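Worksheet: one structure, shown below.
The values are calculated or read from the model by the stated rules, or taken from the named source; none is laboratory data. It should be emphasised that the depicted structure is a prediction, and the values quoted were computed from it without experimental measurement. A quick note on method: Cβ atoms are made from the backbone with ideal geometry, for glycine too, and the neighbour counts reach across all protein chains shown.
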Amino acid sequence: MRDWILFFHVLSVVVWLGGSIYVEALSAAARRDGDQAFRVAVLRRIGATGRRLFNPAGIATIVFGFWLVFISPGWEFEMIWIVVGIVMAVLAVVIDLFFTTPRVDEIEARADDEGEDAQTRLATLLREVVLAGHIRVALLFIGFVFMVFKP
């Protein structure tokens, strides 16, 4: 049973971290393009994927991680690598659910708005979502390193 839980924990991490790195590459390409409509289209796609795939993968990572600690002999919640992994994963999920997702929703709602104020707000939202993505990848990478090397 433990092997299956570990498999699904690692699989969810792979989807979450790997997908986050891919999203970073997409965001960078959209940012370099300079076309606001293209950026919005990319962020819409990223938002849809986040809601359907990345947010559930992040939650699954945490659930399977807790389950592993409960059933693995010698693993305790006081171990630094477990604490860091949990904190980084929870922070990344919180950023996704409560910061990024609402901004992507607003981008989708405002995408067709015209006017200088609307375009300024849209540009601000785009920058915030991209920055949140950078932070998410950094948090996940730190957690990943601690999980692999178990200091």
> Which residues, taken from the range 108-151, are touching a residue at least 60 places away in the same chain (Cβ under 8 Å) and of a type in the set (S, T, N, Q)?
Replying inline: GLN119
> When you scan the range 29-44, how many residues do you find that are more than 17 Å from HIS134 (Cα to Cα) and in a helix (DSSP H, G or I)?
Replying inline: 7
>> Quick check on this structure: which one of LEU26, LEU53, LEU6 is part of a helix (DSSP H, G or I), in contact (Cβ under 8 Å) with a residue 60 or more places away in the chain and of a type outside the set (D, E, K, R)?
In response: LEU6
> Could you list, in sequence order, the residues of the range 32-82 that are β-branched (Val, Ile, Thr) and under 17 Å from ARG136 (Cα atoms)?
Replying inline: ILE46, THR49, ILE59, THR61, ILE62
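Report, by residue number, each residue of the range 93-117 that is hydrophobic (A, V, I, L, M, F, W, C), in contact with an Asp or Glu (Cβ under 9 Å, 6 or more places away or on another chain) and under 16 Å from ARG44 (Cβ atoms).
At the first step, the residues of the range 93-117 found to be hydrophobic (A, V, I, L, M, F, W, C) are 93-95, 97-99, 104, 107, 109, 111.
Still in the list and also in contact with an Asp or Glu (Cβ under 9 Å, 6 or more places away or on another chain): 99.
Within the range 93-117, none qualify.
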>> From the list GLY47, GLY65, exactly one residue is among the small types (Gly, Ala, Ser), under 23 Å from TRP81 (Cβ atoms) and touching a residue at least 40 places away in the same chain (Cβ under 8 Å). Which is it?
In response: GLY65
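Taking the condition among the small types (Gly, Ala, Ser) and exposed (fewer than 14 other Cβ atoms within 10 Å of the Cβ), does SER72 pass?
Values: among the small types (Gly, Ala, Ser): yes; exposed (fewer than 14 other Cβ atoms within 10 Å of the Cβ): yes.
Spelling it out, SER72 is indeed among the small types (Gly, Ala, Ser) and exposed (fewer than 14 other Cβ atoms within 10 Å of the Cβ).
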>> Looking at the range 1-54 only, could you name the residues that are surrounded by 16 or more Cβ atoms within 10 Å (Cβ to Cβ), modelled with pLDDT of 90 or more and under 12 Å from the mean Cα position of the chain (by Cα)?
In response: SER12, VAL13, VAL15, TRP16, LEU17, GLY19, SER20
>> Just checking, does the range 86-106 include any residue being surrounded by 14 or more Cβ atoms within 10 Å (Cβ to Cβ), farther than 23 Å from VAL15 by Cβ and either under 10 Å from the mean Cα position of the chain (by Cα) or at pLDDT below 95 (or both)?
In response: yes
> What do you reckon, is GLY58 assigned to a helix (DSSP H, G or I), at pLDDT 90 or above and buried (at least 16 other Cβ atoms within 10 Å of the Cβ)?
Replying inline: yes
